[in-house]
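The values are calculated or read from the model by the stated rules, or taken from the named source; none is laboratory data. Since this is a predicted model, take the numbers as computed values, not measurements. Cβ sites come from the backbone with ideal geometry, for glycine too, and all protein chains shown count toward neighbours.
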Amino acid sequence: MTDTEKTIQLVIVTGMSGAGKTVAIQSFEDMGYFTIDNMPPALLPKFIELIQLSMDNNKLALVVDMRSRSFFAEIRSILDELENHEGIDFKILFLDATDSELVARYKETRRSHPLAADGRVLDGITLERELLAPLKNMSQNVIDTTELTPRNLRKVIAEQFSRQDSQPEFRIEVMSFGFKYGLPLDADLVFDVRFLPNPYYQPELRNQTGLDDAVYNYVMDHQESEDFYRHLYDLIEPILPSYKREGKSVLTIAMGCTGGQHRSVAFAARLGRDLAKDWIVNMSHRDKDRRKETVNRS
């Protein structure tokens, strides 16, 4: 293990209430950090000792903010202690936004500000900004979220804190399913192949699946199947780089027929094989082996 790997990579996420700390901590979790929200500053040293003993994950991101009642009494001395700790490489991420934007966000969520004792949000924001000014000056990373959507904030954090070799690879999940068992909840793109000739009506194919050559060939040998597949592939293939560029880590493409045994399986198998030439692809067939003792079509 290298010295870098032994060093704890610690990010303390703080800043103005309503500036996006929840989105930020979720972003660090997506990047493989061990995360804790609303960490009392007094517990930081003891917690880091425990992490050093286990070293299951040397990347930590902790939210420390106004919800910790002892925040200002302890945070400065704790940060000085962390800065002098040889085994810790820590940074402070401070999230900010304009007063008008923070007021608008509080009105939208109908939440009260933690420092607004009399209920006036702007008074709480003004007091918090004054109290946090020294901490903002200490921060190595300051992000103004006024004009940032949650997706854009995640992108900015990833650019600032994730290494290139730790970025999750974009992958494609190609799956088949049967409409009579319900739509897959995690599908991004759903295509219906129930209009194609159905192998179910061929007695010798009924109990086989689209992974069997006889069923696959039956489905694909029809001209309408070939025409549809070419149009389908020409639709999907050009848009994949855009999904990756926008930061999506998994794209799920679902092919559905009535029972999820024949046509959808054949199409999912073909699409998965073709996309795997250029992309990381996982294939699954949700209802391929599912049986119901009914007279419904497969």
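Taking interchain pairs and intrachain pairs at least six residues apart, which have beta carbon atoms under 8 angstrom, with the first residue in the stretch 76-92 and closer than 14 Å to Val13 by Cβ and the second acidic (Asp, Glu) and not in a loop (DSSP other than H, G, I, E, B)?
Phe90/Glu83
Report every pair of residues separated by at least 6 positions or lying on different chains whose Cβ atoms are under 6 Å apart, first residue within the stretch 161-172 and modelled with pLDDT of 50 or more, second surrounded by 15 or more Cβ atoms within 10 Å (Cβ to Cβ).
Ser162/Met31; Phe170/Lys244; Arg171/Val250; Ile172/Leu251; Ile172/Leu275; Ile172/Trp279; Ile172/Val281
Here's the yes/no breakdown for (1) within 25 Å of Ile75 (Cβ to Cβ); (2) in contact with an Asp or Glu (Cβ under 6 Å, 6 or more places away or on another chain); (3) not assigned by TED's automatic domain parsing to the domain that holds Val63:
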{"site": "Val121", "(1), (2), (3)": "yes, no, no"}
{"site": "Thr126", "(1), (2), (3)": "yes, no, no"}
{"site": "Leu132", "(1), (2), (3)": "yes, no, no"}
{"site": "Asn137", "(1), (2), (3)": "yes, no, no"}
{"site": "Thr146", "(1), (2), (3)": "yes, yes, no"}
{"site": "Thr149", "(1), (2), (3)": "no, no, no"}
{"site": "Val156", "(1), (2), (3)": "yes, no, no"}
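Taking the options Val250, Val215, Val219, name whichever one is crowded, with 16+ Cβ neighbours inside 10 Å, out of contact with any Leu (no Cβ under 6 Å at 6 or more places or on another chain) and among the β-branched types (Val, Ile, Thr).
Val219
Counting only residues that are among the β-branched types (Val, Ile, Thr), give me the helices (runs of 4 or more DSSP H) lying completely in the stretch 215-298 with at least 1 of them.
223-236, 263-275
Out of the residues in the stretch 93-121 that are touching a residue at least 40 places away in the same chain (Cβ under 8 Å) and of a type in the set (A, V, I, L, M, F, W, C), which is surrounded by the fewest Cβ atoms within 10 Å (Cβ to Cβ)?
Applying the filter and picking the extreme gives Leu115.
Only one of these conditions is not met by Asn58: (1) surrounded by 18 or more Cβ atoms within 10 Å (Cβ to Cβ); (2) within 25 Å of Thr146 (Cα to Cα); (3) modelled with pLDDT under 90. Which number is it?
Unmet for Asn58, out of (1) surrounded by 18 or more Cβ atoms within 10 Å (Cβ to Cβ); (2) within 25 Å of Thr146 (Cα to Cα); (3) modelled with pLDDT under 90: (2).
Kindly indicate which of Gly210, Gly124 is assigned to a helix (DSSP H, G or I) and buried (at least 17 other Cβ atoms within 10 Å of the Cβ).
Gly124
Checking the structure you have, find out if any residue of the stretch 186-198 is outside the structural domain of Lys155 (by TED's automatic domain parsing), touching a residue at least 40 places away in the same chain (Cβ under 8 Å), of a type in the set (Asp, Glu) and over 30 Å from Lys155 (Cβ atoms).
yes
Please count how many residues of the stretch 220-260 are free of Cβ contacts under 8 Å to residues at least 24 places away in the same chain and over 25 Å from Asn152 (Cα atoms).
Looking only at that region, the number is 8.
Can you name the residue in the stretch 148-159 that is in contact (Cβ under 8 Å) with a residue 60 or more places away in the chain and part of a helix (DSSP H, G or I) and, of all such residues, is nearest to Asp96 (Cα to Cα)?
Going through the qualifying residues, I end up with Leu153.
Scan (1) at pLDDT below 80; (2) in contact with an Asp or Glu (Cβ under 8 Å, 6 or more places away or on another chain) for the single condition Glu86 breaks and write down its number.
Glu86 satisfies every listed condition except (2).
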